[in-house]
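This report concerns only the one structure given below.
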Amino acid sequence: MSHSSQDLEKATLGAGCFWCIDAVLRKLKGVQKVESGFSGGHIKNPPYREVVQGRTGHAEVANITFDPSIISYQEILEVFWQVHDPTTLNRQGADEGEHYRSIILTHNSKQAEIAQDMKLQLDQSGIFDDPIVTEIKAFEAFYPAETAHQDFYNRNVEMPYCTFVIKPKLDKIKRLFADKLKR
């Protein structure tokens, strides 16, 4: 059963380097399109080098289109919380800088409510040792990164970063979310 494009929704998430979250989200059933890029900053069409120098306020994000009849926004966020450390400010592992911050850019009030509720519940649950620092704010604009950054993992699977940083995240979602993954 196919859905028309008006049945599809968008989600925009930053969890460190966009190569990682891009690779993870591509594996989820119901995710139709994944694009790596920048969002959450204060200049239009930021060049990659300016973003990574911390001059634009943007975060590296994956902008996805998904079918909510197959995967819910909440289910996408469950994966998001698991594949990065939402308690480290402006860094993920060795990747450091404001552009690597944990961020959820919400596309409507329902997404904002779900994200805030989940953040609160996770904080109260004590799952994480430290408070969650994930920024939650309204989506304004998305700027796609250069072609070389799109679907990076699948095109560069042998690269050390892919082997040591991205593959363990993919292995983790295979363990935790096997039922939600594309075959």
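The values are calculated or read from the model by the stated rules, or taken from the named source; none is laboratory data. Owing to the predicted nature of the structure, the values given are computational and were not obtained by experimental measurement. Quick reminder, even Gly has a Cβ in these numbers, built from the backbone with ideal geometry, and neighbours come from all protein chains shown. Accessible surface areas use protein heavy atoms only, side chains included; no ligands, DNA or RNA. Shrake-Rupley method; radii C 1.70, N 1.55, O 1.52, S 1.80 Å.
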Item to complete: Identify all residues within the range 98-111 that are open to solvent by less than 50 Å² (accessible area, probe 1.4 Å) and in a helix (DSSP H, G or I); write none if there are none.
Response: H99, Y100, Q111
Item to complete: Search the range 157-183 for residues that are more than 14 Å from K27 (Cβ to Cβ) and pair each with any residue that is assigned to a helix (DSSP H, G or I) and not hydroxyl-bearing (S, T, Y) when their beta-carbon atoms are under 7 Å apart and the residues are at least 6 apart or on different chains.
Response: V165/C20
Worksheet item: Which residue pairs have Cβ atoms under 9 Å apart, sit 6 or more places apart or on different chains, and have a first residue in the range 12-27 that is on the phi > 0 side of the Ramachandran plot and touching a residue at least 40 places away in the same chain (Cβ under 8 Å) and a second that is among the hydrophobic types (A, V, I, L, M, F, W, C) and part of a helix (DSSP H, G or I)?
Response: G16/V165
Discussion item. I need a count of the residues in the range 123-134 that are among the aliphatic types (A, V, I, L, M) and either touching a Gly at 6+ places or on another chain (Cβ under 7 Å) or open to solvent by less than 30 Å² (accessible area, probe 1.4 Å) (or both).
Written reply: 1
Item to complete: Might you check whether a residue that is free of Cβ contacts under 8 Å to residues at least 24 places away in the same chain, in contact with a helix residue (DSSP H, G or I) (Cβ under 6 Å, 6 or more places away or on another chain) and over 22 Å from R155 (Cα atoms) occurs anywhere in the range 43-54?
Response: no
Discussion item. Can you find a residue that is at pLDDT below 95, of a type outside the set (D, E, K, R) and out of contact with any Gly (no Cβ under 7 Å at 6 or more places or on another chain) anywhere in the range 99-121?
Written reply: no
Worksheet item: Which of the residues spanning the range 136-167 are over 21 Å from T65 (Cβ atoms), open to solvent by less than 60 Å² (accessible area, probe 1.4 Å) and under 18 Å from the mean Cα position of the chain (by Cα)?
Response: Y161, C162, V165, I166
Practice prompt. Mind counting the residues in the range 112-151 that are in contact with a strand residue (DSSP E or B) (Cβ under 7 Å, 6 or more places away or on another chain) and in a helix (DSSP H, G or I)?
Written response: 5
Item to complete: Within the range 58-73, track down each residue that is open to solvent by 10 Å² or more (accessible area, probe 1.4 Å) and assigned to a loop (DSSP other than H, G, I, E, B).
Response: P68, S69, I70, S72
Response to the item:
Filter the range 33-57 for residues that are of a type in the set (A, V, I, L, M) and either assigned to a helix (DSSP H, G or I) or open to solvent by 40 Å² or more (accessible area, probe 1.4 Å) (or both); the one that is farthest from G97 (Cα to Cα) is I43
Item to complete: Output the residues belonging to the range 151-183 that are among the aromatic types (F, W, Y) and within 22 Å of I76 (Cβ to Cβ).
Response: F152, Y153, F177
Worksheet, complete the sentence: Going through the range 113-122 in order, the residues found to be of a type in the set (A, V, I, L, M) and either within 25 Å of R26 (Cβ to Cβ) or buried (at least 20 other Cβ atoms within 10 Å of the Cβ) (or both) are I114, A115, M118, L122
